[in-house]
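Values quoted throughout were computed directly from the atomic coordinates according to the rules given, and no laboratory measurement underlies them. Treat the numbers as computed from the prediction; the structure is a model and nothing was measured. Cβ sites come from the backbone with ideal geometry, for glycine too, and all protein chains shown count toward neighbours.
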Amino acid sequence: MTQRQMAILSVAWNQEADWHANGRTPPVWEYLVQRHLNGIRH
């Protein structure tokens, strides 16, 4: 995995952690962007 891929995954995971920590449900578009970023590692 490249350094760029790790940085993208870190951003995606931090976003997801923020949703959980704040008890927030993201809008659909935001959730789908996050899911796409999680899929980059494959």
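From the phi of every residue in the range 2-8, what ³J(HN,Hα) in whole Hz does the Karplus formula 6.51 cos²θ - 1.76 cosθ + 1.60 yield, where θ is phi - 60° and glycine or proline is x?
7, 5, 5, 4, 5, 5, 5
Once phi is turned into θ = phi - 60°, what whole-Hz ³J(HN,Hα) does the Karplus curve with 6.51, -1.76 and 1.60 give for every residue of the range 18-26, x standing for Gly and Pro?
Once rounded to whole Hz, the list reads 5, 4, 5, 5, 9, x, 9, 9, x.
What three numbers, in Å, describe the spread of the alpha carbons of the chain along their principal axes, ordered from the longest?
Here the Cα extents, ordered largest to smallest, are 32, 18, 11 Å.
Arrange 30, 16 by Cβ neighbour counts within 10 Å, fewest through most, would you?
Final ranking by Cβ density, sparse to dense: 30, 16.
Sorting check: for 21-27, 4-10, 33-39, which peptide has the highest mean count of neighbouring beta carbons within 10 Å, and how do the rest follow?
My ranking of the peptides, most packed first, is 33-39, 4-10, 21-27.
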